[in-house]
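Engineer: Please find one structure pasted underneath; my questions will follow.
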Amino acid sequence: MEKRNWVIGYSNDIGPEKRAIELVSTEVGKYLLRDEGIFAYHVLPCVPAADLPNDRNAIVLGTLSENPILRRYIRQEEVPQNGYLVRVMDHPEKADLKLALICGASSANVFYGAVDFVDDYLASATPTFDSFLKLNNELFCHSMPDYQHASEPSFRTRSVFTWGHPINDYQSYIANLARLRLNQVIIWNDYLPINARDVVDCAHSYGMQVIWGFAWGWGQKCAEANIHDLAAMQDAIMKKYHDSYRDCSGDGIYFQSFTELPFDVIDGVTIADAVTELVNNTAAAILREKPDLHIQFGLHATSVKNHLVDIARVDDRIEIVWEDCGSFPYKVCGQQFTDDDSSKRTLTDDMIRLRNYGKTGLVYKCQTTMDWSRGRVEHQTGPYVLGKMSSSLMEHDEHILAPLWRSFCVEWLEHGEEAIALTRQIFSDTHGNNNMCIAGMLSGGIWFPTALCAQMFWDCSESFAAMRRRVLSRNWVRI
């Protein structure tokens, strides 16, 4: 096969479909556009589907409604309602040519289908020889194998919670999250970045929501919150909302309050009762001004898990995003895996049943995080530029974090089956109508723990062995 006899055909070059074209062009181009050791340059043509030449192998992207070539070879019922179909086959009408079809039910799903093609199909299509030697440089030099994979997400919302501090390059950060098929990012800051609109525009181009996070009484010493003066706390929150967040671009706001504690009472007042009062009164004031605003309440289970009857009173217009809900995968590291499995599952059941199986998020951890314990993280002192750091700074952080990531890889390899079992339980109870969230810095590229967790949120029906193999075969995932 002549490896440069390929063309990309598209029907829409805006938003997530444009990102899909870029992804396929970049990843396929790795194999087609250079000759090793030769000063030569080649181009992978990208043309509207109607202009596809007759003498080339073609990769065709789009939705059925806008792409007549896809409609010719794919039936509507073959494409999952909220997913995509990838099919690679001999061209039915042109001898000796291949046709790769990437068909999404929506623009975002066209991008997810492109991810499947470049990450999963190309890994399986890489030539393998007698000694099980895989030669990436011979990809596209031989006839590409047939392939068919239809897929849709187990969970409606697949998110990441992160702090603004460690995002060194917001464009590559968001591109990585989208490639993991995540569709929401929650970014916590002390001050809204001055380039917030650019960040949101970038995320929206992948079909991803941006939720801006800030404190509603949260602090590094939550026990010092003035729990007897909730009205003053509400006034301070409202001022910050009006000054920074009411008119900002984005898809909602996220907050944490004084619940990140290992006990359930502050100065004689039950934390669950006080935080419910604060949240309901403050959210009501905000929603009177902006009734459709998406509000997420980041709630630490440790201080309220024995008082769920109080938390049940939280305004049902607010999405509760639970964290610290037990042992792995709710905790950061293996040394904390102390809870027995039955208590973790019982608490999970109680939390998702509390909102009648809706308006609930669950946060999985065991990813790299910031070291708050040693004073190595400075609270932001004012508005700043998010994610536009120098290459030398990024290299520094990657060097520091790589050994830490390896320890988390070990935890997920050892305990991944537990996480999948829990995730299946959640899916069975909620039918996927909830928010599955990964919390961590995710700096220095995408490592195995994050990729595995994201894959679990996309399709929790696979076995751990199959999921592990799929993720480890992706050559951009680090381990």
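Engineer: Quote to one decimal, in nm, the extra length available between N281 and L308 on full extension: 0.36 nm per residue of separation minus the C-alpha distance between them.
Structural biologist: Using 0.36 nm per residue and subtracting the Cα-Cα distance, I get 7.9 nm.
Engineer: Can you list, bin by bin at 20 Å, the percent of alpha carbon pairs in the range 157-472, starting at 0?
Structural biologist: Whole-percent P(r) values from 0 Å outward: 33, 61, 6.
Engineer: Still on this structure, please answer the following. Does a label point 7 Å from the Cα of N433, set along Cα-to-beta-carbon, have any residues of the range 291-330 with amide nitrogen under 16 Å, and which are they?
Structural biologist: 316-320, by backbone N distance to the label point.
Engineer: Most exposed first by the Cβ proxy, i.e. fewest other Cβ within 10 Å, how do S373, S407 rank?
Structural biologist: S373, S407
Engineer: May I pose another question? Rounded to the nearest 20 debye, what is the charge dipole size of the chain about its Cα centre when +1 sits on each Lys and Arg Cβ and -1 on each Asp and Glu Cβ?
Structural biologist: With only Lys, Arg, Asp and Glu charged at Cβ, the dipole is about 600 debye.
Engineer: Give the residue from A225, N281, G440 lying farthest towards the positive end of the charge dipole for the range 157-472; charges sit on Cβ (+1 for Lys and Arg, -1 for Asp and Glu) and the dipole is referred to the Cα centre.
Structural biologist: So the residue we want is G440.
Engineer: May I ask you to derive the FRET efficiency for A232 and M370 from their Cβ-Cβ distance with R0 = 30 Å, giving the value to the nearest 0.05?
Structural biologist: 0.55
Engineer: Taking the Cα centroid of the range 195-235 and of the range 409-430, what is the distance between the two, rounded to the nearest whole Å?
Structural biologist: 29 Å
Engineer: Normalised by the residues of the range 6-151, what does the relative contact order come to in percent, with Cα pairs under 8 Å and at least six apart?
Structural biologist: Rounded, it is 27 percent for the range 6-151.
Engineer: In Å, what Kirkwood hydrodynamic radius results for the range 95-159 from the alpha-carbon pair distances?
Structural biologist: The Cα-based Kirkwood calculation yields 13.8 Å.
Engineer: Please give the FRET efficiency for R34 paired with D247, using the beta carbon to beta carbon distance and R0 = 41 Å, rounded to the nearest 0.05.
Structural biologist: 0.30
Engineer: Then there is this: Restricting attention to the range 439-479, which trypsin sites (Lys or Arg not before Pro) occupy a DSSP loop and are surrounded by at most 13 other Cβ atoms within 10 Å?
Structural biologist: Answer in residue order: no site qualifies.
Engineer: Also, quick follow-up: Taking 0.36 nm per residue of sequence separation and subtracting the Cα-Cα distance, how much length would be gained by fully extending the chain between N136 and H149, in nm to one decimal?
Structural biologist: 2.5 nm
Engineer: How much of the DSSP beta bridge set in the chain is antiparallel, as a percent to the nearest 5?
Structural biologist: 25 percent
Engineer: Taking other Cβ within 10 Å of each residue's Cβ, how do D350, D55, D324 sort, fewest first?
Structural biologist: Going from sparsest to densest Cβ surroundings: D55, D350, D324.
Engineer: Obtain the nm distance between the two label points defined at I400 and S473 by a simple spin-label model: each point lies 7 Å from its Cα along the Cα-to-C-beta direction.
Structural biologist: 3.7 nm
Engineer: Still on this structure, please answer the following. Quick one: of the DSSP bridges fully inside the range 6-151, what percent are antiparallel, nearest 5?
Structural biologist: Here the share of antiparallel DSSP bridges comes out near 50 percent.
Engineer: Let me ask something else about it. Assuming R0 = 60 Å, what is the FRET efficiency of D316 and E93, from their Cβ-Cβ distance, to the nearest 0.05?
Structural biologist: Between D316 and E93 the formula returns 0.65.
Engineer: Right, another one. For Cα pairs less than 8 Å apart in space and 6+ apart in sequence, what is the mean separation divided by the residue count of the range 271-397, i.e. the relative contact order in percent?
Structural biologist: 22 percent
Engineer: Now a separate question. List L135, L278 from most exposed to least, where exposure is judged by having the fewest other Cβ atoms within 10 Å.
Structural biologist: L135, L278
Engineer: Select from Y31, A50, P145 the residue farthest towards the positive end of the dipole of the range 6-151; place +1 on Cβ of Lys and Arg, -1 on Cβ of Asp and Glu, and compute about the Cα centre.
Structural biologist: Value computed over the given set: A50.
Engineer: Can you tell me what share of the DSSP beta bridges in the range 49-129 is antiparallel? A percent to the nearest 5 is fine.
Structural biologist: Close to 60 percent.
Engineer: Can you tell me how much longer the chain between S390 and S172 gets when fully stretched, taken as 0.36 nm per residue apart minus their C-alpha distance, in nm with one decimal?
Structural biologist: Residue separation times 0.36 nm, minus the Cα-Cα distance, leaves 77.2 nm.
Computed from the coordinates by the stated procedures, all read-outs in this text should not be read as laboratory data. The model shown is predicted, which means the values in this text are computed figures rather than measured ones. Neighbour counts are summed over all protein chains in view; Cβ atoms, including those assigned to glycine, are modelled from backbone coordinates with ideal geometry.
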